[in-house]
Amino acid sequence: MIHIAVLVLMSAGSVLSQQEGTFGYHPINPFIYNPAAAGMHGQSRAFLIRRDRWTDFDGAGSSNLMTMDGALRNKKMGLGLDLKSESAGIIQRMTAHVSYSYSVPVGDDSKLSFGIRAGVIDQSIDFSKVVVLNTNDPSLVSSQQKVTTWDIQAGMLWDIRKKWKVQVALPHLLENNLTYSETDTATSFLLQRQWIGSLSYDFRFGKEKAHAVSPVVLTRYAPGTPVQYDAGLIVSIADKAWLGGLYKSDYALGIQAGLHIGKALTVGYAYDVVTGAVGTYSGLSHEILIGYQFGKSAREEQAEKEEAEAKEKVIADLRSENDSLIKVIQENERTIQELKDKIAQIINDAFDMQEHQTGIFDKERKALQDSLRDLSDRLTIAEENRKGYTKQLFRSDKTETFSDEEDFAKQGYYIVVGAFLNKEYAVKQKEDVQKKYQATRMLLNKQTQFNYVYVAWYPDIDTALKELRKVRANGYPKAWIYLLQ
């Protein structure tokens with residue numbers, strides 16, 4: 001193969017086209033090919049990828065790639081950087097690009113991103129390393145030559161409801177020539193414009209949708225060459241690890257695996273099982289990936305947002321119930337005061353009635369007794385209404401819906417100081433509250449998966465209300481009572 005390449009390179013006026021190198025980790029890092037993917041994950045990410053091909057062939061080729069990308073504060077724009085070095089035989093290439101992306105919302109929970117990538121390509125050919133039969137051939141180029149040129153790429157990414165991803169990338173828009181010449185001999189490499197398209201879908205399942213199965217297809221096309229494609233499946237396990245397989249047309253079956261270590265570090269390894277006769281003597285073809293994430297992921301930010309929204313809804317409901325309760329209590333207080341004034345008036349009238357005749361007094365006394373009984377009934381009703389509506393301030397639910405930390409929850413009144421969808425946040429608040437209330441524990445709603453942090457439990461409402469006032473005065477003004485019955 002090297003002899004054939006030498007003959008072509010030495011032919012005067014020859015022009016060769018050169019395509020983009022291939023990487024198997026494009027499902028994990030779509031920014032490899034597409035500038036529109038800059039910042040698509042919300043946080044900043046950096047990757048190092050090393051790819052070796054056909055290691056049993058001398059000079060078969062290797063690639064080193066570093067990418068960095070992240071979103072700006074408004075999440076609509078992204079920036080990126082990529083540096084790549086490639087070598088194959090006597091050819092070496094260095095590229096450096098900066099990328100910019102801009103996203104616009106499209107419908108509900110979808111967005112369309114456009115990206116541009118600009119940079120330089122520096123390619124050198126070491127003609128002195130060519131082994132030839134006739135060293136006196138005047139068409140030979142005897143030295144190492146280097147050519148540098150500008151390069152521009154473009155891309156588009158359509159993220160549909162955070163499930164479908166449709167991508168198109170166009171490398172080498174300028175279609176520049178890299179021309180090497182010495183005397184009358186010239187060799188040119190055409191950076192041919194290409195089309196790269198991909199389609200993927202995330203099937204998420206399991207608790208909190210932490211697992212995913214993602215089929216993916218990527219195609220490459222350049223005029224005058226056959227269409228190439230990768231097709232396969234990536235399986236993500238609890239956002240902690242992934243396994244995948246990609247069939248690379250007319251070349252190999254790629255198998256890859258990776259781990260997310262902690263919240264920042266990512267490592268991966270991919271191996272190509274080369275198909276066809278060449279696979280028996282081509283040697284190893286593989287990729288190694290190391291990545292690092294800065295800041296919180298989009299899923300973590302979304303979880304925190306949902307947590308905050310859920311807490312705000314609980315607080316808003318409690319405030320609304322509290323306002324309604326205050327209005328009813330005020331109305332009941334006015335009614336009670338009116339009744340007290342009426343009783344005082346009746347008592348005064350009773351003393352005045354002593355001056356009347358005995359018969360008339362007996363008649364009035366009976367009327368007075370009837371009025372007192374009527375007022376007593378009205379006071380009882382008002383008090384019952386006040387107590388009944390007071391209970392509306394508290395949330396209530398069925399005991400079987402809940403579980404305590406060690407056993408089933410029991411009936412009664414729980415003084416709650418916090419409600420969390422994320423268990424980690426609930427545990428953290430529990431530990432903080434235990435500094436004041438050592439008996440602080442947690443309740444779990446098995447249907448909604450909300451975790452409630454409570455400081456005390458009481459079997460009766462009067463004791464619970466007294467303790468609630470103390471808890472609110474002791475640093476937890478938004479504490480409330482959950483009634484399980």
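Okay, residues lined up against (1) open to solvent by less than 50 Å² (accessible area, probe 1.4 Å); (2) at pLDDT below 90:
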{"site": "Leu218", "(1), (2)": "yes, no"}
{"site": "Pro223", "(1), (2)": "no, yes"}
{"site": "Gly232", "(1), (2)": "yes, no"}
{"site": "Gly258", "(1), (2)": "yes, no"}
{"site": "Leu265", "(1), (2)": "no, no"}
Exercise. From Lys478, Lys428, Lys470, which residue is assigned to a helix (DSSP H, G or I), open to solvent by 50 Å² or more (accessible area, probe 1.4 Å) and either within 30 Å of Thr335 (Cα to Cα) or modelled with pLDDT under 90 (or both)?
Worked result: Lys470
Exercise. Across the range 233-251, what is the number of residues that are among the β-branched types (Val, Ile, Thr) and under 16 Å from the mean Cα position of the chain (by Cα)?
Worked result: 1
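When you check Val433 against the structure, is it in contact with a Ser or Thr (Cβ under 6 Å, 6 or more places away or on another chain), closer than 26 Å to Ala308 by Cβ and modelled with pLDDT of 90 or more, yes or no?
On the way: in contact with a Ser or Thr (Cβ under 6 Å, 6 or more places away or on another chain): yes; closer than 26 Å to Ala308 by Cβ: yes; modelled with pLDDT of 90 or more: yes.
Yes, satisfied.
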For this session: Return yes or no: is Ser214 touching a Gly at 6+ places or on another chain (Cβ under 9 Å), crowded, with 16+ Cβ neighbours inside 10 Å and not in a loop (DSSP other than H, G, I, E, B)?
Result: yes
Exercise. Do we have any residue at all in the range 190-197 that's polar (S, T, N, Q) and either open to solvent by 40 Å² or more (accessible area, probe 1.4 Å) or part of a strand (DSSP E or B) (or both)?
Worked result: no
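Only residues that are of a type in the set (Gly, Ala, Ser) and open to solvent by less than 30 Å² (accessible area, probe 1.4 Å): list them for the range 86-99, please. Outline the logic, then answer.
First, pick out the residues of the range 86-99 that are of a type in the set (Gly, Ala, Ser): 87-89, 96, 99.
Within the range 86-99, Ser99 is the sole residue that qualifies.
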Seminar exercise, completed: Scanning the range 26-78 for residues that are open to solvent by less than 20 Å² (accessible area, probe 1.4 Å), β-branched (Val, Ile, Thr) and touching a residue at least 60 places away in the same chain (Cβ under 8 Å) gives Ile49
Seminar exercise, completed: Asp202 vs (1) within 32 Å of the chain's Cα centre (by Cα); (2) farther than 21 Å from Arg161 by Cβ: all pass except (2)
For this session: Considering each of Glu405, Glu400 in turn, give the residue that is among the charged types (D, E, K, R) and either at pLDDT below 85 or more than 21 Å from Val455 (Cα to Cα) (or both).
Result: Glu405
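The values are calculated or read from the model by the stated rules, or taken from the named source; none is laboratory data. Small disclaimer: the values here were computed from a predicted structure and weren't measured. Quick reminder, even Gly has a Cβ in these numbers, built from the backbone with ideal geometry, and neighbours come from all protein chains shown. To get the accessible areas, we keep the full protein, side chains included, count just its heavy atoms, and leave off ligands, DNA and RNA. Shrake-Rupley method; radii C 1.70, N 1.55, O 1.52, S 1.80 Å.
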